[in-house]
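Asks: Dropping a structure here in structure tokens format, bear with me for questions.
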Amino acid sequence: MKGAITMAEKTVPATQSNETQIVKREVTRHPEAFVTPLTDIYEEENGLHVVVDLPGVEKSGLKLSVENDILTIEGHVNAANSDTSYLIREFEPSNYFRQFELSESVNREKINAELKNGVLSIFLPRAEALKPRTIDVKIN
């Protein structure tokens, strides 16, 4: 077909001699590519809990911010340069990026977070005015 676009997986070329050949993989991703991390959000009476999987991210590579009612989670994996010589390497660590829009019901001054074993736990407390409260009824 004229003008058709075809795709094919590159295969390892046959070796003509007994020498070992290392075939370099074609670079198809930008080195600063980001992945959307898996996230769980659940609600309790006093606020929201956000649990984000960020495998390979350490505190020095984590950026958590709130700006213009947007919670931004950015995690950079420090890919250690080892002396390992790979024949084939299909997995490379990725950086993470995700944003959430916050409603007025979140008290931005009291947001706290903890990173433990690649899992980021964020607590978004409810604003004081929106917390449920009980009202005492007096009987005369």
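The values are calculated or read from the model by the stated rules, or taken from the named source; none is laboratory data. Everything numeric here is computed off the predicted structure, so don't read it as measured data. Here Cβ is always computed from backbone atoms with ideal geometry, including for glycine, and neighbour counts include all displayed protein chains.
Asks: Has the range 76-86 got any residue that is within 21 Å of Leu124 (Cα to Cα), β-branched (Val, Ile, Thr) and touching a Phe, Trp or Tyr at 6+ places or on another chain (Cβ under 9 Å)? Step through it out loud before you land on a result.
Replies: Going residue by residue through the range 76-86, those that are within 21 Å of Leu124 (Cα to Cα) are none.
Within the range 76-86 (the criterion being within 21 Å of Leu124 (Cα to Cα), β-branched (Val, Ile, Thr) and touching a Phe, Trp or Tyr at 6+ places or on another chain (Cβ under 9 Å)), the answer is no, since none of the residues qualifies.
Asks: Taking the range 57-103, which residues are touching a residue at least 60 places away in the same chain (Cβ under 8 Å) and either surrounded by 12 or more Cβ atoms within 10 Å (Cβ to Cβ) or not in a loop (DSSP other than H, G, I, E, B) (or both)?
Replies: Once the filter is applied, which keeps residues that are touching a residue at least 60 places away in the same chain (Cβ under 8 Å) and either surrounded by 12 or more Cβ atoms within 10 Å (Cβ to Cβ) or not in a loop (DSSP other than H, G, I, E, B) (or both), the range 57-103 yields Val57, Ser94, Asn95, Tyr96, Phe97, Arg98.
Asks: Could you please let me know if Ser105 is modelled with pLDDT under 90 and within 18 Å of Arg126 (Cα to Cα)? So that I can check it myself, show each step before the final result.
Replies: Details: modelled with pLDDT under 90: yes; within 18 Å of Arg126 (Cα to Cα): yes.
Judged against the criteria, Ser105 is a match.
Asks: In this structure, is Ser121 polar (S, T, N, Q) and in a strand (DSSP E or B)? Spell out how you get there, then give the answer.
Replies: Details: polar (S, T, N, Q): yes; in a strand (DSSP E or B): yes.
Taking the combined requirement at face value, the residue satisfies it.
Asks: Tell me the residue from Ala14, Ala4, Ala33 that is surrounded by 10 or more Cβ atoms within 10 Å (Cβ to Cβ) and either modelled with pLDDT under 55 or farther than 17 Å from Ser121 by Cα (or both), please. If you could, list the steps in order and put the result at the bottom.
Replies: Values: Ala14 fails: surrounded by 10 or more Cβ atoms within 10 Å (Cβ to Cβ); Ala4 fails: surrounded by 10 or more Cβ atoms within 10 Å (Cβ to Cβ).
Just a single option satisfies the conditions, and that option is Ala33.
Asks: Report whether or not Pro132 is touching a helix residue (DSSP H, G or I) at 6+ places or on another chain (Cβ under 7 Å) and either at pLDDT 90 or above or over 20 Å from Ala33 (Cα atoms) (or both). Break it down into steps so the answer makes sense when it comes.
Replies: Values: touching a helix residue (DSSP H, G or I) at 6+ places or on another chain (Cβ under 7 Å): no; either at pLDDT 90 or above or over 20 Å from Ala33 (Cα atoms) (or both): yes.
Judged against the criteria, Pro132 is not a match.
Asks: Do you know which residues across the range 101-119 are under 18 Å from Glu43 (Cβ atoms) and within 19 Å of the chain's Cα centre (by Cα)? Steps first, answer last, please.
Replies: Narrowing the range 101-119 to residues under 18 Å from Glu43 (Cβ atoms): 101-108, 110-113.
Matches in the range 101-119: Glu101, Leu102, Ile111, Asn112, Ala113.
Asks: Additional query: Return the residues of the range 104-118 that are in a loop (DSSP other than H, G, I, E, B) and at negative phi; say none if nothing qualifies. Walk me through how you get there before you give the answer.
Replies: Going through the range 104-118, the residues in a loop (DSSP other than H, G, I, E, B) turn out to be 104-105, 107, 111, 117-118.
Glu104, Ser105, Asn107, Ile111 - these are the residues of the range 104-118 that are in a loop (DSSP other than H, G, I, E, B) and at negative phi.
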